[in-house]
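Some notes on the structure that comes next.
Since every read-out is calculated from the coordinates, none of them should be taken as a lab result. Because the structure is a prediction, the values reported are computed rather than measured. As a convention, Cβ positions derive from the backbone with ideal geometry for all residues, glycine included, and neighbour counts pool all protein chains shown.
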Amino acid sequence: MDRVFIETKIMVDDAGAIEGLAWPFGTPDRIGDVIEKGAFAGARLPLPMLFGHDPNDPVGAWSEALEEADGLRLKGRLLVAEVARAREVRALVQAGAVRGLSIGFLTKKATPRKGGGRTISALDLVECSLVSVPMHPGARITAAKSATAALAIAGALHRAAMAISTR
């Protein structure tokens, strides 16, 4: 099984809902691999959500996989109400200590690239892990949400609106 570590956008809420960009199209990872749009077409859901590619450390499940223009986007849920480890992982994500996603897959069709790496056009997606050290330099976390943060933002917007309306 091939493993590719990439940094990604991850958003997670207090109930464990999480989403992220698991593979950005158009740029190679650090070893030169590029995965083409269409390669993820056969993804079978639900997909295991592991921590650090450890098959003995499942923390949730990915329920949605969409190939969009920018890459493979996943949506799922950390099992925070059911699994203590998932609550720990959610805290790590919200604190910014865990910032990436890494896909585990079996290559079905690939061609070598000049300068190293492969262009992968077909694969079997096996799992997607939350990781602290991602491989793909083009993807990154933009936010880790919590109800507390959302309430703080809403409060700031309300105060700004009140300040504008009193002028």
Projected-area mean, the stretch 16-103, by convex hull of Cα positions, square nanometres: 6.1 nm²
Only sites in a loop by DSSP and with at most 13 other Cβ atoms within 10 Å count here; which trypsin sites (Lys or Arg not before Pro) in the stretch 13-52 make the cut? Arg30, Arg44
Förster-model FRET efficiency, 41 Å R0, Met1 and Arg87, C-beta, rounded to 0.05: 0.90
Within the stretch 79-114, which trypsin sites (Lys or Arg not before Pro) sit in a loop by DSSP and count at most 11 neighbouring Cβ atoms inside 10 Å? Lys114
Starting at the first residue of the stretch 22-37, write each ³J(HN,Hα) from the Karplus equation 6.51 cos²θ - 1.76 cosθ + 1.60 with θ = phi - 60°, in whole Hz, x for Gly and Pro. 7, 8, x, 7, x, 9, x, 7, 5, 9, x, 6, 10, 10, 7, 4
Starting from 0.36 nm per residue, how many nanometres of slack lie between Lys37 and Glu68 once their C-alpha separation is accounted for? 10.3 nm
